[in-house]
Amino acid sequence: MTFQSNRRRTLATLAATTLIAHGCITSRQVATMGDKEAEKVEQTMGLVREASTVAYVAAVGRKLAALTRLSDEPWSFQVVDTAEPNAFALPGGHVYVSRGLLALVNSEDELAGVIGHEIGHVTARHAEKRIRATLATSPVAIATGIGGAVAGIVSPGLGNIVAGSGQIFTASVVAPYGRSQENRADEIGQELAARAGYDPTGLTAFLRALDREMNLLTGKEREPSFFDTHPMTPDRVARTRENARALVREPGRPVARDRADLLSHLEGLVVGEDPAQGIFEEQLFLHPQLDLAITFPKEWKTVNTPAAVGALSPSETALVSLRVAQNDTKLSAVIKQLQAEQKGLRFERFEIRGLPAASTLVTGRDGLLDLTLIEYNRDVYAVTGQAGGGDASQYVKSFDVTARSFRALRASERRSLKESRLRVRTAHAGEKPAAIVKRTGSTWSPEAFAVANGIEIDTALRGGQLVKVAIPQPYTPRKR
């Protein structure tokens, strides 16, 4: 969670919705929206800053993009700071892969296949069609769910906080690609890869790795991944293998000289949960970058997203969340602004562990909104409780207890935080995944290690073979 204010995002969404409502949106306007969405990706998902990794991904991407009819476009290739294996593209040539996806890469052929696939979505204008579908359905998402119960009783400023908080528990409104679009992007990506000198079966190999990764998570909670917006059909691996047979691999030199060079560009990537985005220890949420902690109600389902962190009641009729209301401001300024927008809005001023705070309760026929604002470290945070139905008032105490648990992070909590980073190690002759995981102290299970290295669980490694492991270390704060 990066806890960014959502003012610009709301304005951009409203503008896009207005254009669609009047049926006058153009391709250039969609591309401009792609640029705006790229800004939001950086603000909300965050970008990996390791120079070697980013430069490597960009070099592979530029090599492929140079072979398209849009070679003169300002292509951008970035790595998003998410643990799940994912890749996506936006109109205007913005292509992203996640650090979780890079952790599964075992050859430049695989990476080229994935990036080529995303380039294919851009050149075939699939990304443009998807953003049209996303924007067309976004008003529906805003108007539904628990947030809809209070949407009609709050001002636009207060509504921004409500909408941003409530949607952390709703399904993404990003439309998935259809089967025909996926197949076409596969074809384009493999064609580009072959023309650039890569093995076009690289995409096939990576799809198999992704499938193995998802199988490891069967029955476990997981965040949205590549397969959520890029549907995997039973015959897709076979189809990409057949596509490759019809392609001629042209001469070409890869960006990385060999596997050792490839792995050197991935060395140091954060693997799994990143404390910099905040972590849960049962119901206690710790965020070392923002130096804060907050406790959510027992037995409520917790969720941490780039926009907000929160918890959903077991009955799914109430939620409480924490987000930034406004950056670099004072509590009095936020209260003054909200009261100017919504007449009759009253705040009770008090302190939470010495921090200036204020709360208000807004009720309506279908639900209520309980808002607590807290001034901390030059920002104003909002603890937003929302409940729908006739028994909404029963949750007010839980909302208040959650808000009053807000506090600074303790030094002991900060010292206890660990992070895992991708490291390259040398295998001993005959070592199997379980043995090397134990010897190196990797946080990966033997099964996860095998998937990440593209081998089977019973594979006997060669002496001197380079492998990826996830090694824990004390959390190192990063510049905000």
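Points worth noting:
- For the condition among the acidic types (D, E), assigned to a loop (DSSP other than H, G, I, E, B) and modelled with pLDDT under 95, E316 qualifies.
- Qualifying residue in segment 80-98 (condition: touching a residue at least 40 places away in the same chain (Cβ under 8 Å), of a type outside the set (S, T, N, Q) and under 17 Å from L262 (Cα atoms)): yes
- Condition broken by I335, with the remaining ones in (1) in contact (Cβ under 8 Å) with a residue 12 or more places away in the chain; (2) out of contact with any helix residue (DSSP H, G or I) (no Cβ under 9 Å at 6 or more places or on another chain); (3) at positive phi satisfied: (3)
- Among residues of segment 242-258 that are more than 11 Å from P200 (Cα to Cα), none has a beta-carbon under 7 Å from a residue that is of a type in the set (A, V, I, L, M) and exposed (fewer than 11 other Cβ atoms within 10 Å of the Cβ) at least six positions away or on a different chain.
- Per-region count, segment 352-387, residues within 21 Å of L292 (Cα to Cα) and small (G, A, S): 6
- Those residues of segment 358-373 which are crowded, with 19+ Cβ neighbours inside 10 Å and more than 26 Å from L409 (Cα to Cα), in sequence order: V362, G367, L368, L369
- Evaluating E73 against the criteria (1) farther than 23 Å from A196 by Cα; (2) surrounded by fewer than 20 Cβ atoms within 10 Å (Cβ to Cβ); (3) out of contact with any Pro (no Cβ under 9 Å at 6 or more places or on another chain) leaves one unmet condition, (1).
For every residue, the table says whether it meets (1) hydrophobic (A, V, I, L, M, F, W, C); (2) buried (at least 22 other Cβ atoms within 10 Å of the Cβ); (3) modelled with pLDDT under 95; (4) within 28 Å of R410 (Cβ to Cβ).
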| residue | (1), (2), (3), (4) |
| --- | --- |
| A276 | yes, yes, yes, yes |
| H287 | no, no, no, yes |
| T295 | no, no, no, yes |
| A308 | yes, yes, yes, yes |
| K330 | no, no, no, yes |
| A333 | yes, no, no, no |
| G344 | no, no, yes, no |
| R349 | no, no, no, yes |
| P356 | no, no, no, yes |
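- Whether a residue is touching a residue at least 40 places away in the same chain (Cβ under 8 Å) and under 18 Å from T443 (Cβ atoms) was assessed, and E273 passes this test.
- For segment 452-472, the tally of residues that are within 17 Å of E267 (Cα to Cα) and either within 23 Å of the chain's Cα centre (by Cα) or crowded, with 20+ Cβ neighbours inside 10 Å (or both) stands at 8.
- Listed conditions (1) modelled with pLDDT of 90 or more; (2) exposed (fewer than 13 other Cβ atoms within 10 Å of the Cβ) are all met by G390, apart from (1).
- Flag if A12 is at pLDDT 85 or above and within 23 Å of the chain's Cα centre (by Cα): no
- Hits in segment 284-313 (condition: part of a loop (DSSP other than H, G, I, E, B) and either over 21 Å from the mean Cα position of the chain (by Cα) or basic (K, R) (or both)): D291, F296, P297, K298, E299, W300, S313
The values are calculated or read from the model by the stated rules, or taken from the named source; none is laboratory data. Only a predicted model underlies this, so the values are computations on that prediction, with no experimental measurement involved. Cβ atoms come from the backbone with ideal geometry, glycine included; neighbour counts cover every protein chain shown.
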